[in-house]
Amino acid sequence: MERKFEETLLSFKELVHKIKYYNEALAVLFWDLRTGAPKKGVPARAKVIGMLSTEAFRLSTSAEMEEFLNYFEQKDNHEQLDSIYKAVIQECRKEFDRFKKIPEDMFTEYVILTSEAESVWEEAKNTDKFSLFSPFLEKIVDFNLRFIELWGYEGNKYNTLLDYYEPGMTVDKLDRIFEQLRERIVPLVQQIKDSGKQPDDSMFFRSYFAPNKQEEFSLMILDKMGYGFDAGRLDESEHPFTIGMTPGDIRITTHYYPNNFSSALFSSIHEGGHALYEQNISSDLDGTPLSTGTSMGIHESQSRFWENIIGRSYNFWSCYYEDLKKVFPIEFEGVSLEAFYRAINKVEPSLIRVEADEVTYNLHIMIRYEIEKALINKEIIVADLPRIWKEKMKEYLGVEPKDDKEGVLQDVHWSGGSFGYFPSYTLGNIYSAQIYHAIRKQFDNLDEMIRNGELIKIKEWLGENIHKHGKLLTPTEILKSVTGEEINSSYLIEYLENKYKEIYNIK
Ligand code: ZN
């Protein structure tokens, strides 16, 4: 019996590693594809990626996997597993059920539909024709409704979709969270508008910011944050991203705009935050599906923490503004630290989510959440979306898109069927403020540390309390162990009100 257990565990580990290695290979291929693979090689590369992902998918849904899961879920066997492999079994079971409950031909049909939908979405966006995209979106919603029936759900149907990206999150919790945010953020945005104290950020757009100099400065900041260049690299791509192979190889990208100073720098810091997380996962989890972030929300908390809470703070720039002026002496001539700080924190209701500031950003997410929830619960239909979008933008942000291109068609997510993903961004913002509060309690001289550029201490604290656990702990377990409580949006509200009432001189 004992011997059988050992042997079975060994074979199971082999299978788990094999799946992980396929995924690592895929990650390298994706990275290469998006950072400069020759155009003519793309179609052939797409085939290789298709073949390898099918292979990895087959392994994780194979009869062999099912046998292992059944074996290790038996009480006697389960008790002999260490805590890591108990969690591995749970994770593999989740993946297995997610795909196995869907009939194979239905799954294939869906994969073809969503890949087609993405190029149709692109065309619909470019030509501002929602009617091109809507038949695809209708089908995608319909597929998701059928998936939910197959997967099962508790309470609200949308819960099943939420849980995939943020285990444990429910509509009930989110409704409460968004309601609290809306109550305080909508009036704050109005006060900011009424203050008449809009910062001048024209200095970011009036000069030519040489990409190589932007890169030089981004590299310097990443180094100060503790991003390990012996375990990563910074490249350029159309859209910034982080991609992880193993903790020893976590790569990030940014995009340099010569006539927009702040975009590339803050993207680098943002992706750097994601990368720090992945670089500092414990090596005990190597080769398992647990060697990654625990949820999209916690991941986003790490990127937002560095980008906004640290990277857009006065203390941070008290330390690095002089360095920045050495790299761009003419471009920032005559711009004081105060003026620079106010400019990077300009709040303005706008139409496009990815360009939104940290105050209005959550309102953009709220609109998407409400629409998704209503679609999945059949309270609205796809044809209503352009109108609902405009109404909600007007209600929450006070701006109205003139067309669907800058409205309902702006995001790629729905074309790929990623319903339930958007809330992760706001959850990330909320978590980041909670984590910030916890760090402040830990270091009573935090402001001074940041002013002195001692960012490594912060990185180490995050590594010890959050990063190292990978997916071994759930998002709620991590949050509770770090902050002593569950999700609580009041820290984000407090942070935003304090920071922006000062910047905008609101009493
Ligand atoms: Zn991110």
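One residue alone among 432, 415 is in a helix (DSSP H, G or I), at pLDDT below 95 and within 20 Å of the chain's Cα centre (by Cα), and that residue is 415.
Is at least one residue of the range 206-219 among the acidic types (Asp, Glu) and within 16 Å of the ligand (Cβ to nearest atom)? The answer is no; no qualifying residue exists.
Could you tell me whether any residue of the range 318-338 is without any contact (Cβ under 8 Å) to a residue 60 or more places away in the chain, buried (at least 20 other Cβ atoms within 10 Å of the Cβ) and assigned to a helix (DSSP H, G or I)? Looking through the range 318-338, none of the residues is without any contact (Cβ under 8 Å) to a residue 60 or more places away in the chain, buried (at least 20 other Cβ atoms within 10 Å of the Cβ) and assigned to a helix (DSSP H, G or I). The number of residues in the range 368-398 that are modelled with pLDDT under 95 and outside any helix (DSSP H, G or I) comes to 1. May I ask you to verify whether residue 297 is closer than 23 Å to residue 163 by Cα and within 16 Å of the ligand (Cβ to nearest atom)? Yes. Within the range 191-214, the set of residues being touching a residue at least 60 places away in the same chain (Cβ under 8 Å) and polar (S, T, N, Q) comprises 191, 195, 198, 207.
Summed over the range 253-275, the residues that are away from the ligand (no atom under 12 Å from the Cβ), out of contact with any helix residue (DSSP H, G or I) (no Cβ under 6 Å at 6 or more places or on another chain) and assigned to a helix (DSSP H, G or I) give a count of 1. Here is a check on your reading of the model: is residue 182 of a type in the set (D, E, K, R) and either surrounded by 19 or more Cβ atoms within 10 Å (Cβ to Cβ) or assigned to a loop (DSSP other than H, G, I, E, B) (or both)? Judged against the criteria, residue 182 is not a match. Taking the listed residues 148, 89, 102, the one that is surrounded by 14 or more Cβ atoms within 10 Å (Cβ to Cβ) and in contact with a Ser or Thr (Cβ under 8 Å, 6 or more places away or on another chain) is 148, with no other qualifying. Scanning the range 417-434 turns up at least one residue that is surrounded by 15 or more Cβ atoms within 10 Å (Cβ to Cβ) and either in contact with a Pro (Cβ under 6 Å, 6 or more places away or on another chain) or on the phi > 0 side of the Ramachandran plot (or both). Criterion applied to 250, 281 was being outside the structural domain of residue 85 (by TED's automatic domain parsing), buried (at least 22 other Cβ atoms within 10 Å of the Cβ), among the β-branched types (Val, Ile, Thr) and away from the ligand (no atom under 14 Å from the Cβ), and the one residue passing it is 281. Set side by side, the residues 468, 459 differ, and just one is touching a Ser or Thr at 6+ places or on another chain (Cβ under 8 Å) and either surrounded by fewer than 20 Cβ atoms within 10 Å (Cβ to Cβ) or part of a helix (DSSP H, G or I) (or both), which is 468.
The values are calculated or read from the model by the stated rules, or taken from the named source; none is laboratory data. Computed from a predicted structure; not experimentally measured. So basically every Cβ, Gly included, is an ideal-geometry build from the backbone, and we count neighbours across all protein chains shown.
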